[in-house]
Amino acid sequence: MKKTLLKLLSLGVMTFGSATLFAQTMYLDEMFNVSKQANIVYDSNRSVNILFGSPGQPPIISANLRCDVYTPVGSTVTSRPTVIIAHTGSYLPVLTNRQATGSKDDSAVVEMCTRLAKRGFNAIAVNYRQGWNANSEPPTSTEQLLKATYRGAQDMRNAVRFLNLNAATYGIDTSKIIIGGQGTGGYIALAYATVNKASEVSNIAKFQRNDFTPMVSIDTLGDWTGVGGNPIFNVSGDANISSSAQMVFHYGGAMGDLIWLDSSSLPIVGMQSDRDPFAPFNTGNVIVPTNMTTVIPSASGAGVIVPKANALGVNAKLNSKYLVDPISNVLRARTSGVEHLYPVRTNFPQDGAPWEWWNRAAVKARLSTTFYNTPIPADGYLADSLSMLGNPDMSETKAKKYIDTLVDFSVRRIAVQFNLVPASNDQFKTSFGLVSPANNSILVVKGDGNTKVDINWDAANTTGFGAMSYAWKLSTAANTNFGTPLVSVPCGPKPTLSVDYNTIKTLLASVNVKIGDTADLKWTVEGTLNNNSKWSSDTFSLKLIRGEITSVKEIANLSKFLSVYPNPASDVLNISLDAAAGNIATYQLIDVTGRLLLNGNAENNAFSLNVDGVNPGLYFVNITLKDGSVATKRVVIQ
C-alpha cells in the first residue's frame, strides 16, 4: 500500500496516510521489488564538444548515450508499460552546470524510476547529448539552447527506437511508452510531445537569426524524429523503426513556444513549481543557472500548457475519467478545476525542484567531473552552494515526499490513458458522454414555441461520491473552451433537458441570425461534483437554421433599432426603439428557458423596467410592434 500522500500547501508540506481507502492495484500501488541494469548503450551520436579550444579537441565528437533499465521483479506481465525519464542538468555535466545534479544517476531520477518499477512499470533513465557554450549571450545562447533541446528530443526518439528493437528483451509494451522529463528533461519531453512540423522548427520569429534563417536547420541536424541531417552533426535514426511514444509528463521545464502545442500533440500532464526561478509556470522567460541570463523569451510552463491541451482535446482520454483520489481533489481547488495540472507549492520562493537531494559532503569535496569519460576540473563547493540557494531545506526525507506525490499524480493519469485499471476500480469515474442531438445534427428552428427539442447525455457514475449536477451549454463554433457560452441552462441531477424552440429562436435573433441563415454552434454539458466542475468528454457540433415564424411578421434588421441599457443591469432596465422603426405595442422579459418574468403594454417607445427583484443571469427582451413586427435583445442582469 502507499504509505503517504503529499499535500503541498502554500504554507508548507503536509502528509496524510492513505490507510486502507483502496485495495492494492498494480500500476497504482507499490507491489514489487526492483531489478536494475545499468549503463546500457542505447545510441551513439554526434555531440558539441565543450572542450573545443583545448589542444587536440575537435568541435564535434562522437558520444555513447547510456540508459539504466528498472524492471519489476515478480511481475507476471511480460509486456509492460514503460516510462522513459530524462534528467535535469542544463545540457552540461554535473558541477560544470553549477548544479549538484544533472545525470541519470541523480538521486531523484533513481528514486522516481524505482517507485515506477515497484508499481509494475518499466522505467528507463536515460542520458542525452550534452554540450553548448554556457558563457555565450543571446542570441547565440538562444540558438545553442534551442539546438540542445532539439538534440535531446531526437535522443528520446532514438531511445524509443532502442526499446522497440529490444522489446522482448526488456518486456516493453511498445504501444504504451511515456516520456517523463525533470527540469531540463521537461523541455525535452515537451518538445517531443509537440514539435512535429517543419514550420514549428523554422518559421517562429524568435527562433530565427537576424537574417531570418532558422536557428535549427533540419538539413543539418536532421528532423524532429532524428532522421536525416548532415552526418557530421547527426547520425540518422532508422526511419523504419518507430520512434513514437504515446504520452508525456513533465516536472519542471517549459515549452519553447506555445504555438507548438496543437491538436496533433501527445497527451500532456504538467507538474511544476509555480514559483520556479528558471522556467516560467505560465508565460515568461527561460533563465539558465550557468550565467543567469534569459535565453528564451515568452516560453510557456505547465500553467498554460495543460489548460490548452485540455481545451484542444489533446487530453481527451485523460478527461474521460473523473479522478477522486485525495491529491486530485486537493489540486482541483488549487487550479480552479483545471485537470492534470499540479502547481507544486514549496516553503521557499526560489525552490523550483524540491524533489532533488544530494550528498552535500561528497559534492563539496569534488574537484573534477567528466565530459564523456574525459576528466575536467570542477568546483563542487560552488555547485553545492548555488544549488542550496534554491533548495535551502533540501533533504532526502523532504525530496522523497515530493516524489511520492509526483509519482502518484502521474501514474493515475497514465492508468487512465492506457486503460491499466479495471473499470470497476472506484477511483475513476466515467465521464458523461453526449447523446442527442447527435454530432453534426441540423435543426430548423421554427414553430409556435410549444415544440421541444430533447437534449440527452450519459449519467456520470458517481456512486458513493455524491450527486452530479449538470448545466447544458450552447456556444459558437469558434469558442474553443466554452469560457463565455451563448447560453448556460442548469439541469439538476438528471441527464436530460427539454428546450423550447422559441428559446433557441430568440437566442439566434439576439446574435443577428436572420431567417434562412445557418448558425454553426456546438453544445456540451458541464457537471459539478462535490463543488468541483467537470466537462463532458464530448463536444457536439450543431447547425441551427432559423426558419419562418408562424403568425408573426418579422423584420430581420429590426433589432438594430432597439436599445436596451445599461447592460449589464442591476435595478433599472431602459428600453428604447427608434421611431423610424415603428411603435412598440407590448414587451416581454424572458429567461433562457423561455419562462416569462415581466410583460405588459408599452405607452411609448421609451420606458423603464424595474428588475431589482430579478435573479442574476442572462435574459431576453422581446418587443412586438403595433404592425406585428418583433425584435429581441439579450441582456445580463446582475
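Each residue in the stretch 362-391 was checked for being within 23 Å of PHE348 (Cβ to Cβ), in a helix (DSSP H, G or I) and not acidic (Asp, Glu), and 12 pass. Listed by position, the strands (runs of 3 or more DSSP E) enclosed by the stretch 268-343 that each have at least 2 residues that are farther than 20 Å from LYS206 by Cβ and in contact with a Gly (Cβ under 9 Å, 6 or more places away or on another chain) are 268-273. Screening the candidates LYS308, LYS317, LYS321 for the property of being modelled with pLDDT of 90 or more and charged (D, E, K, R) yields one hit, LYS308. Of all the listed residues (ASP448, ASP454), the sole one being at pLDDT below 90, of a type in the set (D, E, K, R), in a loop (DSSP other than H, G, I, E, B) and loosely packed, with under 15 Cβ neighbours inside 10 Å is ASP448. Scanning the stretch 395-408 for residues that are of a type outside the set (D, E, K, R) and either in a helix (DSSP H, G or I) or in contact (Cβ under 8 Å) with a residue 40 or more places away in the chain (or both) yields THR397, ALA399, TYR402, ILE403, THR405, LEU406, VAL407.
Could you list all residues from the stretch 259-285 that are buried (at least 22 other Cβ atoms within 10 Å of the Cβ) and over 18 Å from the mean Cα position of the chain (by Cα)? The one that is buried (at least 22 other Cβ atoms within 10 Å of the Cβ) and over 18 Å from the mean Cα position of the chain (by Cα): PHE278. Would you pick out the residues in the stretch 591-621 that are in a strand (DSSP E or B) and touching a helix residue (DSSP H, G or I) at 6+ places or on another chain (Cβ under 7 Å)? Result: PHE620, single match.
If you check GLY237 against the conditions, is it part of a loop (DSSP other than H, G, I, E, B), touching a helix residue (DSSP H, G or I) at 6+ places or on another chain (Cβ under 9 Å), without any contact (Cβ under 8 Å) to a residue 24 or more places away in the chain and closer than 21 Å to PHE162 by Cβ? So GLY237 fails the test.
Has the stretch 164-186 got any residue that is under 13 Å from GLY256 (Cβ atoms), assigned to a helix (DSSP H, G or I), within 16 Å of the chain's Cα centre (by Cα) and not charged (D, E, K, R)? Yes: the stretch 164-186 contains one or more residues that are under 13 Å from GLY256 (Cβ atoms), assigned to a helix (DSSP H, G or I), within 16 Å of the chain's Cα centre (by Cα) and not charged (D, E, K, R).
Within the stretch 1-57, being at pLDDT 95 or above, part of a strand (DSSP E or B) and not hydroxyl-bearing (Ser, Thr, Tyr) holds for ASN33, VAL34, LYS36, GLN37, ALA38, ASN39, ILE40, VAL41, ASP43, ASN45, ARG46, VAL48.
Within the option set PRO354, PRO349, being at pLDDT 95 or above, assigned to a loop (DSSP other than H, G, I, E, B) and under 23 Å from ILE327 (Cα atoms) holds for one residue only, PRO354.
Picking from residues in the stretch 371-387 that are under 26 Å from GLY352 (Cβ atoms) and among the polar types (S, T, N, Q), the one that is surrounded by the most Cβ atoms within 10 Å (Cβ to Cβ) is SER387. For the stretch 58-81, a tally of residues being touching a helix residue (DSSP H, G or I) at 6+ places or on another chain (Cβ under 9 Å) and outside any loop (DSSP other than H, G, I, E, B) returns 10.
So, LYS197, is that one basic (Lys, Arg) and either within 25 Å of LEU386 (Cα to Cα) or surrounded by fewer than 16 Cβ atoms within 10 Å (Cβ to Cβ) (or both) or not? Spelling it out, LYS197 is indeed basic (Lys, Arg) and either within 25 Å of LEU386 (Cα to Cα) or surrounded by fewer than 16 Cβ atoms within 10 Å (Cβ to Cβ) (or both).
Restricting the stretch 457-486 to residues that are closer than 26 Å to PRO616 by Cβ and more than 26 Å from the chain's Cα centre (by Cα) leaves a set whose member that is modelled with the highest pLDDT is ALA467. Between GLY380, GLY352, the distinction of being of a type in the set (Gly, Ala, Ser) and not assigned by TED's automatic domain parsing to the domain that holds ALA399 belongs to GLY380 only.
The values are calculated or read from the model by the stated rules, or taken from the named source; none is laboratory data. The shown structure was predicted, so the numbers you read here are calculated from the model rather than taken from an experiment. All Cβ positions, glycine included, derive from the backbone under ideal geometry; neighbour counts span all protein chains shown.
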